[in-house]
Each structure stands twice: as structure tokens, then as C-alpha cells.
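S.K.: I am attaching a structure below and will ask some questions about it afterwards.
Read-outs: derived from the displayed coordinates by stated rules, not from any lab. As the structure is a computational prediction, the values presented were derived from the model and not from experiment. Glycine also receives a Cβ, built like all others from the backbone with ideal geometry; neighbour counts cover every protein chain displayed.
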Amino acid sequence: MTGKTTTRREFLLKAAQGTAMAATGGLLWVYLLRQEARAHPYALRPPGALVEKDFNATCIKCGQCVNACPYDTLKLAGAGGSLPIGMPYFIPRDIPCYLCPDIPCMRACPTGALSPDLKDINDSRMGLAVIDLENCLSWKGLRCEICHRECPLKGKAISLELHPRAQSKHAMFYPIVNSDFCTGCGICEKACPTAEAAIRILPHGMVQGRIGEHYRLGWTFDTEISQDFKPAETAPPAVQETTVPDKAPGVDYLNEGEP
Amino acid sequence: MSDPTDTRLRADAQASLRKIHERSLGARMWSWRYVVLRRIAQVTILLLFFGTAHWGWQFPGDTPLLTGNLSSSEFMGLLPMTDPLAALQIFLTGHLLTREALIGAAVVFIFYLLLGGRVFCAWVCPVNMVTDLAGWLRTRLDIKPLFHVPRNVRYYVLAAALILSAITGVAAFEWVSPVGMMHREIIFGLGFGFLALLAIFLFDLLILKNGWCGHLCPLGGFWSLVGRGGQVRVRFDRDTCTHCGACGAVCPEPQVLNLKKLEERGLVYSGECSNCGRCTALCPENSLNFDLRALIRKHNAQARD
Ligand code: SF4
Ligand code: SF4
Ligand code: SF4
């Protein structure tokens, strides 16, 4: 260093330059973080993952869940991709989650980003299956129902609704997803035979609405009875709109055999 | 490399430099020994992670051998290891860590605390292979410095990483770390992280010598602070040193080889020393050697009498 004493002016200039550097660097850094860590709408996380904000904060990007998964379901997102860097995700159409009862991925997680509170794999909520009614073969009247058969929670997460048809021997069997049970494992999406899956898993936030506090559903038992809301003492018996004939014209010959 | 005909040097220093220039091929190879050992260590660690992830290496029984990556891992199902800086950032985002992660962070922290210096940087970190190559090439091509950046910038970057973690709610360095990127992308498949490494390589090669590891990397800064009091240090024998300066020319952190400080303390004191061993292998007078801190004190006391 030169031995000369720094003047006040030089000192102030130095300080200003330093501050400017730090501010520019800091802003750039924050911008990068924002870009990377914004809650990603499409990312499907392993079972037990905390909500996106907490998951982003706690996942240390170690990939131990990826290694633990026996089906190679999970991948770590690479840099520069569309998903947040270094975090585990899965694409059900490639490899779905097969709902291991012992949840190896969650047990491998050192940080609790995959929460050990998940005790039963069937309680995991990785996403929600959504059916594209326009392209679902069953909704077109074909007897596909593959998603229903493949669903590990068959009958709960996906059920079939029988819709007899007046004109035809063939009834319609509509697969319906029930969000109370669907784990979002994506086995259905993997199994769907259409060229682009007609049933797919989306994060809950993308598909689920919320009814809001101000609606009172008088006909459900869950509705709390309060001072200014009393449901009728006895509900009138539900009226059957269409009377179903004894023997439906449509026949479930696939599941029950031809009569 | 310093010039043995530089007349500003003392005669014995010139003689020392001449010794280096006249080394036989074998001796020259031998002076690369720590570089080779470090590469073996770095690659072995990567290989253990890679083999566990891709070839299902298991030991003992059917427990994965070394699963995870440098951010957090588990060795033989027994030893959890977590990057303490990553853990600290996560903690600052306002999230409690699990016991396993805390134990892992303590294991790694204590290991390097005892070992000392930036052993992580020189012997483990994969980015070091890239920056070493850039530094070596830069010396060969004799690329002159563009500007000067103080070495302590890394501590400000470290402070910024911690502050930004608290502000943004995500571990600020982990989300941009080229160390993590390189490790993840080698072990778990390719993304565009290699572009970041290419950037570092070019930055080190053309813009600032030892720019990333020696000036900016907050992880290096962190280990510099932790490794200050470590046990494995480079001992300095002032009686044999001829002040030829060959050590400073190969050291990626030459400020730690300040001769005045070396003579005062008898060892490389600064935590910024990465224990890479380059100087010890090169010194023509054998004045620099790895040693344990306690033994160094004894050695120097004897030498003084
Ligand atoms: S539950 Fe099993 S299949 Fe599903 S992600 Fe975890 S380890 Fe993989
Ligand atoms: S094991 Fe946990 S911390 Fe590691 S990548 Fe998976 S979710 Fe993240
Ligand atoms: S994702 Fe599909 S297969 Fe999995 S539980 Fe839901 S409906 Fe069933």
C-alpha cells in the first residue's frame, strides 16, 4: 500500500463504491433466488413434502430421497430447467410413485422436508388426479376404466359411476376422482392409454377451489349449527329424479359377466 | 514461476530457485504428489456418491454405501454428514432442523475444525478441480491481472448469504451454489450447471486469478473462519528459508505465506490456507512441511535454542 493518508473525499468515494457493489450484487442475487424459488405451479413433490414454501426452505438438495426410491421415480431438478434447482420431483407419466408402504424416500430425508409426520403412505397428497372429460375414453362411452383398475385406492380415490342409457345396451361408466382419497401417485396417469394422458396429476393449488366461509350447506351433517343457522328439524326425503328401472338397460358385463 | 536470474534476489534465494529449475524429471513428478493425492481424494468421494446412486453400491449388507451428496449424506447407514453452512442457512430461514441433520452438521463441523484450514476446499470440493486447472493454465499462459479484488470479499459474500437467507426464506447460497450444482449434476444427471462452471473457469482464467475460490466463494470463507485453529498446519523453518518466494508463486492464497508473519509464528497461521500442500512439495529448501500444531510449537522452540 502507498503510505499516503487517505483524504475524506477518497474515503467517502471508497465507501460509496463498496456500497454500490454490495447493493448490485445483492439485488442480482435476490433476483436469482426469486426466479428459482418461486413456488412452482407444476412441480410434483415426493410423499410427505411440506407445503411449497417450507419445502423450498428446508430441502437441502441432497438427493437421498432420489437414491432411496426403489422405482427411480424421483429426480433432482438440474440447473437452468423449468423446475426449482436441485429439488426432487417426479413426472407420473414417466414413472409414478408406487406408494411404498414403508415410505423409503421420506425416511431417507435428513432435513424433514419430507415430513416424518406422514405415517401412512395413503395419506400422502402429492397432487390430485384430474380427468379430461373430453378425451377420457370412458366418458366417450368405451369400456376403458384402466385408471380405476390400476388405482391403488380403487373404489375410493377413483370410483366408477354407472350411467345407464335409454337407447343402448351399453351403459356409461364414468371414472370419478375423489380428492379425499387421491394421493396423487400418478399410477392412473401412467396407465391411461390415450396418446396424451386424459387423467393427470396436478398440484392441488392448480385445480382445487375453496368454497369460502359464507356458504352454509344446510344439507350436510358437517355444517355447524349456530345461533343464526338452524337446519330444518327433519330434512324431507330426497326425491329420486329419474326412476331407475329394476334392471338397467346397460349391463356391467365386464365386471359382472353377461347375464 | 520466479526467475533464478532475478538480481534483486539474494544469492542464496537465486540458488534455491535454480535448484527448482534443475530438478530431475523424477523430482519434478514427486513435487506433484499432493496434487495427485488431492485429485484421488476428490474423485474417490465423487465416485462413492455416484456408485451408490447409479450402481447401487451397498455396504454393509444392503445399506447404501454413501448416499446423498456434499450437502447432506449418510455413510454406511451410520454416519450422517451435513454441510454446516447449508444447515445454518436453513436455520436462518426460520426452520428447525431435524436431529439427524444437526448431528450431521456437527460431525462435519468438528471434523474440519480439528483438521483445520480449508481442507474441504483443496481435498473434497469438486469445483477446486476446475479452478485449479484455470489457475495452472493462467500461470502457463502468463495472463496478467485485470484488476485487484481484496481477498476478504468472500466474508462479505458469506455475510450476505446468511442475511439473504433470513430475508428471502430460502437458503440463499444453496440455491445458486456452483459447488452444489457441480456435485448434483455429476451424481444425479446433467442440467445446465456446467455453464456456471464454465463461467467460473473463464473468470478464473481470464479475469481474476483464483477469482472464485480465492476471493468470492462464501463456502471457502466459512471454512477459512472455522479452520483457523485446526491441528494440521504447514510448519515453517525460518533457518533454512532463503526467501526465494517459490512457495508464494504456486500458492493459490499467497497472502498466507507472508514471510514476515511466517517468521513470527513459525507456521502458516491463516485459515485461508487450504492445506493443498503445493508449497511443501515445491520448496527447494524443505522449509515448509505439514505438521501438527502441537508438534510445530515444540519443533520451533527447539530450533530457536
Ligand atoms: S413412496 Fe416409494 S415409489 Fe413413491 S416416491 Fe417414495 S420411494 Fe418412490
Ligand atoms: S431427501 Fe429431503 S432434503 Fe434431500 S433432496 Fe430429498 S426432500 Fe430434499
Ligand atoms: S393419483 Fe390416480 S392412481 Fe393415484 S390415488 Fe389418485 S386416482 Fe388413484
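S.K.: Any chance you could check the Cα centroid distance between the range B:86-106 and the range B:232-260 for me, in angstrom?
M.R.: 38
S.K.: Write down the Kirkwood hydrodynamic radius of chain B, to one decimal in angstroms, obtained as one divided by the mean of 1/r over all alpha carbon pairs.
M.R.: Every distinct Cα pair counted, the radius reaches 20.8 Å.
S.K.: Next question, about the same structure. Quote the relative contact order of the range B:232-305 in percent (integer), defining contacts as alpha-carbon pairs under 8 Å separated by 6+ residues.
M.R.: Numbers: 93 pairs, mean separation 34.1, N = 74.
46 percent.
S.K.: In addition: Looking at chain B, do any whole DSSP H helices span at least 20 angstrom along their long axis by alpha carbon and average -1.0 or above on Kyte-Doolittle, and which?
M.R.: Values: long enough: B:33-54 (30 Å, 1.03); B:99-115 (24 Å, 1.99); B:127-141 (21 Å, 0.32); B:153-168 (22 Å, 1.71).
Correct list, ordered by number: B:33-54, B:99-115, B:127-141, B:153-168.
S.K.: How big is the range B:78-230 by the Kirkwood estimate over distinct Cα pairs, in Å?
M.R.: Numbers: mean 1/r = 0.0611 Å⁻¹.
Over the range B:78-230, the inverse of the mean reciprocal pair distance is 16.4 Å.
S.K.: Same structure, new question: Counting pairwise Cα distances across the range B:1-150, what percent come out greater than 26 angstrom? All intermediate terms of the calculation are to be shown ahead of the outcome.
M.R.: Numbers: 5514 of 11175 pairs.
Above the 26 Å cut-off, the range B:1-150 has 49 percent of its Cα pairs.
S.K.: Another question, if that's okay. Need one word for the range A:96-223: rounded, prolate or oblate. Basis is the Cα gyration tensor (sqrt eigenvalues a ≥ b ≥ c); a/c below 1.5 gives rounded, then a/b vs b/c decides.
M.R.: On the way: a/c = 2.28, a/b = 1.37, b/c = 1.67.
Oblate is the answer for the range A:96-223, as a/c is 1.5 or above yet b/c matches or exceeds a/b.
S.K.: Related question: So which GluC sites (Glu not before Pro) in the range B:227-305 pass both tests, a DSSP loop state and at most 14 other Cβ atoms within 10 Å of the Cβ?
M.R.: Numbers: sites: B:Glu263, B:Glu264, B:Glu272, B:Glu285; in loops: B:Glu272, B:Glu285.
Nothing satisfies the criteria.
S.K.: Okay, moving on. So which of B:Lys209/B:Lys261; A:Lys14/B:Lys144; B:Lys261/B:Lys298; B:Lys19/B:Lys144; A:Lys61/B:Lys209 end up more than 28 Å apart by C-alpha? Don't skip to the answer; put the middle values down first.
M.R.: Values: B:Lys209/B:Lys261 23 Å; A:Lys14/B:Lys144 25 Å; B:Lys261/B:Lys298 18 Å; B:Lys19/B:Lys144 26 Å; A:Lys61/B:Lys209 30 Å.
Long pairs (Cα-Cα over 28 Å): A:Lys61/B:Lys209.
S.K.: Sticking with this one: Residue farthest toward the positive end of the dipole of the range B:210-302, with Cβ of Lys/Arg at +1 and Asp/Glu at -1: which of B:Val226, B:Gly277, B:Gly211?
M.R.: B:Val226
S.K.: Assuming a ≥ b ≥ c are the square roots of the Cα gyration tensor eigenvalues, decide whether the range B:38-93 counts as rounded (a/c under 1.5), prolate (otherwise, with a/b larger than b/c) or oblate. Don't jump to the answer; show the numbers that get you there.
M.R.: Details: a/c = 2.61, a/b = 1.52, b/c = 1.71.
Here the range B:38-93 falls in the oblate category.
S.K.: Quick one: net charge of B:Ile187's neighbours, Cβ under 13 Å, K/R +1, D/E -1?
M.R.: Working: positive: A:Lys61, A:Lys75, B:Arg184; negative: B:Glu185.
Residues near B:Ile187 contribute +2 overall.
S.K.: What percent of all Cα-Cα pairs in the protein assembly as shown falls into each 20 Å bin, going from 0 up to the bin containing the maximum distance?
M.R.: Answer for the protein assembly as shown: a P(r) of 17, 40, 25, 12, 5, 1 percent.
S.K.: Something else: Under the rule that a partner needs its Cβ under 4.7 Å from the first Cβ, which Cys of chain B have none?
M.R.: Among the cysteines of chain B, those whose Cβ sits 4.7 Å or more from every other are B:Cys121, B:Cys125, B:Cys213, B:Cys217, B:Cys241, B:Cys244, B:Cys251, B:Cys273, B:Cys276, B:Cys283.
S.K.: Here is a follow-up. Using DSSP to call loops (not H, G, I, E or B), can you name the GluC sites (Glu not before Pro) in the range A:143-201 whose Cβ has at most 16 other Cβ atoms within 10 angstrom? Display every interim value, and only then the final one.
M.R.: Working: sites: A:Glu145, A:Glu150, A:Glu161, A:Glu189, A:Glu196; in loops: A:Glu145, A:Glu196.
Qualifying residues, ordered by number: A:Glu196.
S.K.: Using the Kirkwood formula on the Cα atoms of the range B:154-204, what hydrodynamic radius do you get, in angstrom to one decimal? Mind dumping the intermediate values first?
M.R.: Numbers: mean 1/r = 0.0835 Å⁻¹.
Hydrodynamic radius (Kirkwood, Cα pairs) of the range B:154-204 is 12.0 Å.
S.K.: I'd like the Karplus ³J(HN,Hα) series for the range A:90-107: coefficients 6.51, -1.76, 1.60, θ = phi - 60°, whole numbers in Hz, and an x wherever there's a Gly or Pro.
M.R.: The phi angles translate into 9, 10, x, 5, 7, 9, x, 8, 8, 6, 4, x, 8, 6, x, 4, 5, 5 Hz.
S.K.: Something else: Per 0.36 nm of contour for each residue apart, how much would the distance between A:Val30 and A:Asp72 grow if the chain were fully extended, relative to their Cα-Cα spacing? It would help to have the intermediate numbers written out before the result.
M.R.: Working: separation 42, 0.36 × 42 = 15.12 nm, distance 3.33 nm.
So the chain would gain 11.8 nm between A:Val30 and A:Asp72.
S.K.: Let me ask something additional. Using Cβ counts within 10 Å as a stand-in for footprinting exposure, how do B:His148, B:His183 rank, fewest first?
M.R.: Numbers: B:His148 8, B:His183 27.
If I rank by nearby Cβ atoms, fewest first, I get B:His148, B:His183.
S.K.: Count the net charge of all other residues whose Cβ sits under 12 Å from the Cβ of A:Glu189, scoring Lys and Arg as +1 and Asp and Glu as -1.
M.R.: -1
S.K.: Fewest to most neighbouring Cβ within 10 Å: what's the order for B:Ile200, B:Ile167? Please list the in-between numbers first.
M.R.: Details: B:Ile200 21, B:Ile167 14.
Ranking B:Ile200, B:Ile167 by Cβ neighbours within 10 Å, fewest first, gives B:Ile167, B:Ile200.
S.K.: Which of rounded, prolate, oblate describes the range A:37-120, given a ≥ b ≥ c as roots of the alpha-carbon gyration tensor eigenvalues and a/c under 1.5 marking rounded, otherwise prolate only if a/b is larger than b/c?
M.R.: Details: a/c = 1.63, a/b = 1.22, b/c = 1.34.
Judged from the Cα gyration tensor, the range A:37-120 comes out oblate (a/c at least 1.5, b/c at or above a/b).
S.K.: To continue, here is another question. Given just the C-alpha atoms of the range B:188-305, how large is their convex hull per residue in cubic angstrom?
M.R.: Details: hull volume 14.9 nm³, N = 118.
Roughly 126 Å³ of hull volume per residue.
S.K.: Let me ask you something else. What percent do you get for the relative contact order of chain B when only Cα pairs under 8 Å and 6+ apart count?
M.R.: Numbers: 485 pairs, mean separation 69.9, N = 305.
In percent, rounded to a whole number, it is 23.
S.K.: Quick one: order B:Arg8, A:Arg45 by neighbouring beta-carbon count within 10 Å, fewest to most. Please report the intermediate quantities before stating the final value.
M.R.: On the way: B:Arg8 7, A:Arg45 26.
Neighbour counts put them in this order, fewest first: B:Arg8, A:Arg45.
S.K.: With a cut-off of at most 13 other beta carbons within 10 Å, and DSSP calling the residue loop, which chymotrypsin sites (Phe, Trp or Tyr not before Pro) in the range B:146-182 qualify? Please list them. Before the final figure, lay out each step's value.
M.R.: Details: sites: B:Phe147, B:Tyr155, B:Tyr156, B:Phe173, B:Trp175; in loops: B:Phe147, B:Phe173, B:Trp175.
Counting only loop positions with at most 13 other Cβ atoms within 10 Å, the chymotrypsin sites (Phe, Trp or Tyr not before Pro) in the range B:146-182 are B:Phe147.
S.K.: With each run of n ≥ 4 DSSP H residues scored as -39500 (n - 2.57), what mean residue ellipticity at 222 nm is computed for chain B after dividing by its residue count and rounding to the nearest 500 deg cm²/dmol?
M.R.: Details: 14 runs with 155 residues, N = 305.
Per the formula, -15500 deg cm²/dmol.
S.K.: Taking the Cα centroid of the range A:33-73 and of the range A:151-220, what is the distance between the two, rounded to the nearest whole Å?
M.R.: 26
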